[in-house]
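Working notes, beginning with the structure itself.
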Amino acid sequence: MQSNRYRDELREVTRAGLRGLERAAAEPGGAEPLLLCNVLERVGDLHRLRERAPAWVDAFLVGVSESEIAAVISTYRNEVAGWPVPEGLIRIEEDGPGDDGLGFAVRRRDQVESAIRTLTDWSLQRRRAPVQLTGWAELLGALREWDEAIAKALDRASAENLLSIRIAIAEPRGWLARLGEPDARSPEDVGEPLAPAGLGSFGRPDDAVLQRYLSTGELKAYVEGYASRSPEFASMLAETIETLWDIGELRGAIVPRLWLKRHLAAAQLLNYAPPAIPLAAADEETALEGHRIDLGAIPGLSGAVDAELEIGRGMVTLRVHSEAGVVRRVQAGTTVTDAAGDGGDWIAECPLPSGSLRLRIEDRSGSVFEEELELHEAP
Amino acid sequence: MKLPLQELRFANGLVLAAQSVPVRSWQYHVLKHPLGVARDARAMGEDPERWGELEPPVVEAGWRAALFREIAAIERGGKTCELPEVRGKKPTRLQLEAHACLNCPAGVVDACERVTSGERPVGPRYAGVIQEVVELIQSGVTVHRHDYFARLTSFARRPNELTGLSAMRVLELGNKRRARFLRHDGLVVDFDSPWRGAPATWRTAFRSPSAGTPLVQFFMDLSSGLASEALSETCVVARHWWERHAI
């Protein structure tokens, strides 16, 4: 419930900010760095909220030049250099001495993450890998360096405290989850072009692209397309997906798991860890929390659709989120839903099957996502 | 130190109580912020939060070294200041986490306050800046937060227009409320009240240490806050700025 309230607040604040930016964008002048930074961040926030930006944004970004993008990247690079790096361990608690400037820096870090998302999309729409943008690798390097420095000072709970309402859009494998995790790849590995020549200008997906794919299933065509051409990358990707799933860090995003299933020609797709209380608990006062699996972005449909499963008390609930007018029908097991609920979500609930669970989501253009999921306890 | 100097009531119902700040808490913040014991590994120079840039400056050139010498020389009943920085030393990990000022012996912390209120009045000037921003907002106008954020971002091309802007928003943390004040020069002031309706007392004041953070984003930070369960619908904005920049 708190998460929904945070999402609602963030959505409203972001849209209010974009109304002001529309005025600023209409004023004479090019895409100056301060204006463009603001647009990139707000648009990225909306995307992380799974919402579309207003129409004026597309027209504005189409007119942005690579030199203006380079200026923005340079602006961010300079800003990151000024973010504080606390000495010693800091715990952020309500009654503590206070977060001071560190809170601003943590929230700015997350806002820059949104800008990186928008920059990645901008780049890919121009058939260019993000790493080909001037200063891109240096910016990602600086952010990684700051993340690693912060990881020595902040525990996860404190960092989430500092994010405040922005925690609502924190991805399972987003930058926050990387705090303290050393990057096994050297900077030179990031975005190296694929050899031999003739395979297009897209280079190897870099960390930012992979992170989005693993967290949300986005950039599927890019990542899976590259995997189809590079056996070495495909092998690395498969290993990454399996490892993350085994350690419980890939509960989100069905897309990577579907790719892995095809890649391995495996029938088994999903398993879940049982909740602390057995599903068959008889004590009604001991309310069970539904075990939640975020499926992430659903591929193959005409609009932005994401879904999650809740498992608990012997039932499975499929909850589908999308903008109005996209989804036509949702099915979980034998339960079919032809209309959205009061809150706008599409919900289908069925008894927890002993074998596989059939999921089907159909959109108004006739596109269908259909999958049989094996649900069983993790070993 | 009394902050604010008098009780202040705001259009959104916030009341700031004129209360004396506990001396240990006050000195903790004076040492940490204007005197630069900020414990930031990237902090540059003597004045990492740039308090010397304000007009009048809260801390002047040479003050830090002189004040540290005086504080290091304080001795009361065998007790002295336990901040290694006043003696030019780097703190150990334990010292970093100890927040020595908050546990300073009574005689030592009282003498420390006299030092920072004397010939080099960092403490009173720090208090003066805080008083200034709350008084400015106290005569401010209450606006809906959406209008505030929309107007703010409309100046993304012209951040100079944000000079003179100050704004405040209330965050609710369970039963507690926190009022956060922001000023265009990067000043952040927090007041906390233990429950809704209770007068708020001063918590901290610092300058956003990153000089590179764009002003629009600095003011947009009123959309967040420390793990708040709820944020107020409204913001209170400096009247003269809001009326001058009507759209």
Quiz item: Could you give the distance between the Cα centres of the stretch A:18-88 and the stretch B:142-166, to the whole Å?
Solution: 16
Quiz item: Nearest 10 degrees, 0 to 90: what angle lies between the long axis of helix B:23-32 and the longest principal axis of chain B (Cα atoms)?
Solution: 80
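State which stretch of chain B is the longest one without any exposed GluC sites (Glu not before Pro), exposure meaning a DSSP loop state and at most 16 other Cβ atoms within 10 Å. Spell out each step's value before the answer.
Details: sites that count: B:GLU7, B:GLU46, B:GLU60, B:GLU75, B:GLU82, B:GLU119, B:GLU229.
In chain B, the maximal stretch lacking such sites is B:120-228.
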Exercise. Only Cα pairs under 8 Å and at least 6 apart count here; give the relative contact order of chain B as a rounded whole percent.
Key: 22
Exercise. Restrict the search to the stretch A:1-91; then list the trypsin sites (Lys or Arg not before Pro) that DSSP places in a loop and that have at most 10 other Cβ atoms within 10 Å of their Cβ.
Key: none
Quiz item: What relative contact order, as a whole-number percentage, does the stretch A:19-178 give when Cα pairs under 8 Å and 6 or more residues apart are counted?
Solution: 31
Quiz prompt | Per residue accessible area of chain B, 1.4 Å probe, in Å² | solution = 40
Exercise. Can you pull out the buried accessible area for chains B and A, both sides counted, probe 1.4 Å, rounded to the nearest 100 Å²?
Key: 4600
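With a sphere of radius 13 Å drawn around the Cβ of B:SER117, what net charge do the other residues whose Cβ falls strictly inside it have (Lys, Arg +1; Asp, Glu -1)?
On the way: positive: B:LYS2, B:ARG114, B:ARG120, B:ARG125; negative: B:GLU70, B:ASP110, B:GLU113, B:GLU119.
Once positives and negatives cancel, what remains is 0.
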Quiz item: Under a straight-distance cross-link criterion of Cα-Cα below 23 Å, which lysines are reachable from A:LYS152, leaving out those fewer than 8 residues away in the same chain?
Solution: B:LYS32, B:LYS89, B:LYS90
Exercise. Determine the shape class of the stretch B:143-191: with a ≥ b ≥ c the square roots of the Cα gyration tensor eigenvalues, call it rounded for a/c under 1.5, and otherwise prolate if a/b is greater than b/c, oblate otherwise.
Key: oblate
Practice problem: Taking only protein heavy atoms into account and a 1.4 Å probe, give the accessible area per residue of the stretch A:298-379 in Å². | Solution: 46
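The values are calculated or read from the model by the stated rules, or taken from the named source; none is laboratory data. Just so you know, these numbers come straight off a predicted model, no measurement behind them. Positions of Cβ are backbone-derived with ideal geometry, glycine not excepted, and every protein chain shown enters the neighbour counts. With ligands, DNA and RNA removed, areas are computed over all heavy atoms of the protein, side chains included. Shrake-Rupley method; radii C 1.70, N 1.55, O 1.52, S 1.80 Å.
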